[in-house]
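Report on the structure given below.
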Amino acid sequence: MAALMESAKTQLAEKSRRELREKRITEVEALILEGNLTGALDLLRRTLEEMGPDREIRRLQLQVEVEHEQLEKKKRRQQELLDEARGLLHQGKLGDAGKVLQQAVEGSLLSETDTRVGVLRREIEEKRAQEEKAERERQRRLTETLRRARTLWTGSR
């Protein structure tokens with residue numbers, strides 16, 4: 001009778017372990033679909049701590065770690081491109097700044113709908129408009145100076 005009771009306890013514990021494992025895998029997959037890789041990794045680590053070694057959980061953890069690292073690498077590259085474009089903008093190289101953004105969008109490193117891209121493009125356009133306005137003013141002053149010089153030249157004859 002004691003052996004039967006022990007067997008039932010063991011089977012119940014194993015069933016609970018399997019159910020917890022399946023529940024956690026489902027939760028992890030939901031986090032992955034939401035794009036919450038950090039949350040998925042945290043849950044996988046906690047699951048391994050609670051349940052002990054599990055081949056399927058460990059495989060899933062390694063897969064998520066690779067995806068997470070790739071995502072972080074992409075984010076770093078995006079930031080590098082945005083910083084490069086901003087640096088060119090501050091140097092007054094507006095065409096080059098625009099090219100960096102355009103190439104990043106065309107290469108799918110940045111999205112056209114990314115607010116950071118939109119902000120930088122607006123800043124480039126504002127700077128371009130300021131430069132064009134300054135150039136028009138410079139041309140107006142030059143034209144005015146030339147008109148006065150002609151007036152003086154023709155008046156002194």
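The values are calculated or read from the model by the stated rules, or taken from the named source; none is laboratory data. Owing to the predicted nature of the structure, the values given are computational and were not obtained by experimental measurement. Cβ sites come from the backbone with ideal geometry, for glycine too, and all protein chains shown count toward neighbours.
Values computed for the structure shown
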{"quantity": "First in segment 99-118 and among the charged types (D, E, K, R), second anywhere and assigned to a loop (DSSP other than H, G, I, E, B) and surrounded by 13 or more Cβ atoms within 10 Å (Cβ to Cβ), Cβ under 9 Å, 6 or more apart", "calculated": "Arg116/Leu110"}
{"quantity": "Residues being over 16 Å from Arg55 (Cβ atoms) and either surrounded by 15 or more Cβ atoms within 10 Å (Cβ to Cβ) or out of contact with any His (no Cβ under 8 Å at 6 or more places or on another chain) (or both) - total across segment 9-44", "calculated": "25"}
{"quantity": "Sole residue being among the charged types (D, E, K, R), without any contact (Cβ under 8 Å) to a residue 24 or more places away in the chain and surrounded by fewer than 10 Cβ atoms within 10 Å (Cβ to Cβ), chosen from Glu6, Glu80, Glu49", "calculated": "Glu49"}
{"quantity": "Among residues of segment 29-41, those that are over 12 Å from Glu65 (Cβ atoms) and either over 18 Å from the mean Cα position of the chain (by Cα) or not in a helix (DSSP H, G or I) (or both), counted", "calculated": "5"}
{"quantity": "From the options Leu142, Leu110, Leu94, Leu88, residue that is surrounded by 10 or more Cβ atoms within 10 Å (Cβ to Cβ) and within 30 Å of Asn36 (Cα to Cα)", "calculated": "Leu110"}
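So that you can scan it fast, the table gives a plain yes or no per residue for (1) among the hydrophobic types (A, V, I, L, M, F, W, C); (2) modelled with pLDDT under 95; (3) touching a helix residue (DSSP H, G or I) at 6+ places or on another chain (Cβ under 8 Å):
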residue: Glu84; (1), (2), (3): no, no, yes
residue: Leu101; (1), (2), (3): yes, no, yes
residue: Gly107; (1), (2), (3): no, yes, no
residue: Glu112; (1), (2), (3): no, yes, yes
residue: Glu123; (1), (2), (3): no, no, yes
residue: Glu131; (1), (2), (3): no, yes, yes
residue: Glu137; (1), (2), (3): no, no, no
residue: Arg141; (1), (2), (3): no, no, no
